[in-house]
Each structure stands twice: as C-alpha cells, then as structure tokens.
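The values are calculated or read from the model by the stated rules, or taken from the named source; none is laboratory data. What you see is a predicted model; the values in this text were computed from it and never measured. Counting neighbours? That spans all protein chains shown, and the Cβs are built from the backbone with ideal geometry, glycine included. Remember, those area values only see protein heavy atoms, side chains included, never the ligands or the DNA or RNA. Shrake-Rupley method; radii C 1.70, N 1.55, O 1.52, S 1.80 Å.
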Amino acid sequence: IEQDIIALKEAKPISLSALTATKEAYSALSTNGKGLVRNFNDLKALETLYKEALNVVKLINELDTEVRDFAKKTVSAQTAYEKLTLASKEVVDNKKKLDELLPFAQVMNDIDAIRATAKDFKVQLEAATAKYKTLATTNPVKPEDPKKDYVAAATYRLVTEYGPKLAAHQGTADRAKAMEDKIEALKSKSGQIFMNDLKIVSDEYKKLDST
C-alpha cells in the first residue's frame with residue numbers, strides 16, 4: 001500500500017479509481033496493519049485534494065440501470081460533474097460510463113414528464129419520440145450482467161418500460177388528431193346530415209374526454 005500511495009503521488013494525472021482502490025485496501029487492514037503504513041497522511045491528503053472528484057467517481061460507479069430512480073441519479077451525477085473545476089473534471093476516469101448512460105436517463109425523464117393535458121403535449125411527445133428512436137433497438141435482450149453491460153441494460157429498460165409509455169401517449173395524440181379531423185369535416189356539412197354527424201362526433205368527444 002505504501003508503494004501504491006507513492007505511485008499515486010507521482011502519477012500525472014492521478015487515477016481516482018486507483019486512489020479509491022488504495023483507500024479501500026487500507027481500510028481493509030487490521031489496526032496494527034494500518035499503523036505500519038507510514039505514508040497514510042499522503043493518502044489522506046490526496047483524498048482531501050480530490051474530494052469532490054472522488055464523490056463524482058463514486059456516483060458514476062454506483063449508477064445502476066435497474067434501480068427505480070436510475071434516471072434521477074444519472075442526471076444528478078452529471079450535475080455534480082459539471083460543478084467540478086476543469087482540473088478535477090480531467091481526472092474523473094469513469095466519465096465514459098456517465099456519457100453513455102446520460103442520454104437514456106434524459107429520454108426516460110422526458111417521457112415521464114409528458115402530460116396529455118399540457119399545452120405543449122405534442123411538442124413534448126415529438127421531442128421525446130425523436131430521442132427515443134436514436135437509442136431504442138428492436139427486441140433488445142436483457143444482459144446477463146446488467147452492471148457490466150450497462151448500455152445494453154439501459155436499452156432493454158428503455159424499450160420494455162418506456163416504450164409502452166411512449167406508445168400510450170402517441171395513442172392519445174392519434175385519437176385527438178382523429179377527433180380534430182372529424183370536427184373539421186363538420187364544416188362541409190349542413191342540414192340533417194350535419195346534425196346527425198354533430199351528435200356522433202359530440203358523443204365520441206365526450207368519451208375521449210373521459211379517458
């Protein structure tokens with residue numbers, strides 16, 4: 001461990017993953033063993049220096065596509081990363097994982113935020129659908145090790161859980177568009193035909209409104 005600490009001090013740039021591993025190895029020592037690590041203060045100083053960056057590395061390492069609040073935690077990790085200084089950002093050596101998972105988290109959040117009653121419902125739906133199509137694949141398979149194959153795991157969850165949500169919203173939009181077309185068509189009718197069709201459209205609209 002002493003040699004690992006020396007290597008960490010000399011590394012340019014430092015590996016935060018190695019720093020974390022060294023601290024974990026130190027923590028696993030017995031009380032007597034810890035006392036034999038003569039340069040522990042150097043390790044402690046490195047932890048203090050890179051405290052915020054280490055926290056971001058930890059947040060990224062803990063990202064799990066299968067937990068309920070995966071999307072929220074991924075966006076939070078990105079927010080924490082953005083708050084780092086430029087020097088600290090450069091030593092976050094697992095940023096690739098965050099970059100790969102963030103698009104999935106964002107589109108999941110976008111889909112969850114869609115509200116059929118919102119004035120910009122169609123805009124929300126179109127934007128979310130466009131993002132979804134760039135990430136979704138046909139018949140994705142759940143990986144045997146979701147933590148290791150996290151992109152495949154995120155894809156599987158997006159398609160199987162959020163695909164149906166998006167489809168339901170699209171169904172609402174399609175029914176609304178069909179109703180608009182029927183209402184527009186009434187303008188070209190008159191007399192008893194108009195009255196008959198008006199009642200039909202009115203009844204359909206009431207059913208649509210109730211759902």
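Taking region 4-17 as the range and being part of a helix (DSSP H, G or I), surrounded by 16 or more Cβ atoms within 10 Å (Cβ to Cβ) and touching a residue at least 24 places away in the same chain (Cβ under 8 Å) as the test, the residues that pass are Ile5, Leu8, Leu16.
Quick check on my filter: what residues within region 27-38 are assigned to a helix (DSSP H, G or I) and either of a type in the set (D, E, K, R) or within 28 Å of Lys96 (Cβ to Cβ) (or both)? Answer for region 27-38, where residues must be assigned to a helix (DSSP H, G or I) and either of a type in the set (D, E, K, R) or within 28 Å of Lys96 (Cβ to Cβ) (or both): Ser27, Lys34. What are the pairs, 6+ residues apart or on separate chains, where a residue within region 189-208 that is assigned to a helix (DSSP H, G or I) has its Cβ under 7 Å from a residue that is open to solvent by 100 Å² or more (accessible area, probe 1.4 Å)? Final answer for the pair search is Leu208/Arg175. Among the numbered conditions (1) open to solvent by 60 Å² or more (accessible area, probe 1.4 Å); (2) more than 28 Å from Met108 (Cα to Cα), the only one that Thr20 does not meet is (1). Screening region 126-158 for residues that are of a type in the set (Val, Ile, Thr) and touching a Ser or Thr at 6+ places or on another chain (Cβ under 7 Å) and picking the one that is modelled with the highest pLDDT gives Thr155. Put simply, of Leu49, Leu29 the only residue that is within 16 Å of Asp93 (Cβ to Cβ) and either more than 28 Å from the chain's Cα centre (by Cα) or loosely packed, with under 14 Cβ neighbours inside 10 Å (or both) is Leu49. Residues in region 53-92 that are touching a residue at least 60 places away in the same chain (Cβ under 8 Å) and surrounded by fewer than 17 Cβ atoms within 10 Å (Cβ to Cβ): Asp64, Glu66, Glu90.
Evaluating Asp174 against the criteria (1) surrounded by 14 or more Cβ atoms within 10 Å (Cβ to Cβ); (2) more than 30 Å from Tyr50 (Cα to Cα) leaves one unmet condition, (1). Tell me which residues, restricted to region 77-120, are within 18 Å of Lys12 (Cα to Cα) and of a type outside the set (Lys, Arg). Thr85, Leu86, Ala87, Ser88, Glu90, Val91, Val92, Asp93, Asn94 - these are the residues of region 77-120 that are within 18 Å of Lys12 (Cα to Cα) and of a type outside the set (Lys, Arg). Quick one: is Asp110 of a type outside the set (Lys, Arg) and loosely packed, with under 12 Cβ neighbours inside 10 Å? Here the answer is no, as Asp110 does not meet what is asked.
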